[in-house]
Amino acid sequence: MLLKLAGAIGAGVLLTALTALPAGAATNTVTIGAPVTLTYRILVAVPVTVVCDPVAGTVQEIDVSVAVTEAVGKKVASGQATDASISPQPPLLTCDGVTQNHLVVDVIPAGGSPPFRYGGAIIQAGFFIFTDSGNESGNSPYTPVRLVK
């Protein structure tokens, strides 16, 4: 009986240790949503979801950026855009470790880039939070997507 009780307590302790997150564990995630739409071969609307940890200090600025790259014939079309929020305006993101912040970032081709076209592209998104006591950031992996109408 004593052996069974000790085994049950040991299993409980092990499960608790395996499922508990260490203090300061980062939950910062950035994911690319769908659909990613292309308008007039110029404007790519990219849905992004950001989950960020609580931040220490006073937020000075929040940037959410998206880069789009696509092979167009023998050239490469590319563009990057940033949505920014500067204090004391309402923040662009709610950072509490659980809120899913949904945004759409509009990207146009960079100077000298050919226009985008419908089809496959690679997108990466990220965020950066500037505070008076440190910074926080997160990035998505390079994500293959289809640019659709």
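Values in this text are rule-based calculations from the coordinates and carry no lab data. This one's a predicted model, so the numbers in the text were calculated from it and none came from an experiment. No Cβ is skipped: glycine too gets one built from the backbone with ideal geometry, and neighbour counts run over all protein chains shown.
Each listed q (0.13, 0.16, 0.17, 0.20 Å⁻¹) maps to a log10 I(q)/I(0) for the range 58-123 from the Debye sum over equal C-alpha point scatterers, namely -0.49, -0.65, -0.70, -0.81. Charge tally around residue 118: other residues with Cβ under 15 Å, Lys/Arg +1 each, Asp/Glu -1 each, net +3. Protection proxy ranking for 27-33, 128-134, using the average of other Cβ atoms within 10 Å per residue and placing the highest first: 27-33, 128-134. Computed over the Cα atoms of the range 96-141, what is the ratio Rg over Rh, Rh following Kirkwood? Across the range 96-141, the Cα-based Rg/Rh ratio is 1.07. Relative intensity of the range 15-141 on a log10 scale, I(q)/I(0) at q = 0.10, 0.11, 0.13, 0.18 Å⁻¹, equals -0.38, -0.45, -0.59, -0.93, per a Debye sum over C-alpha point scatterers of equal strength in the absence of solvent. Amide H contacts of residue 42 (H built 1.01 Å from N, in plane; Pro and chain starts excluded): no residue 5 or more places away or on another chain comes under 5 Å.
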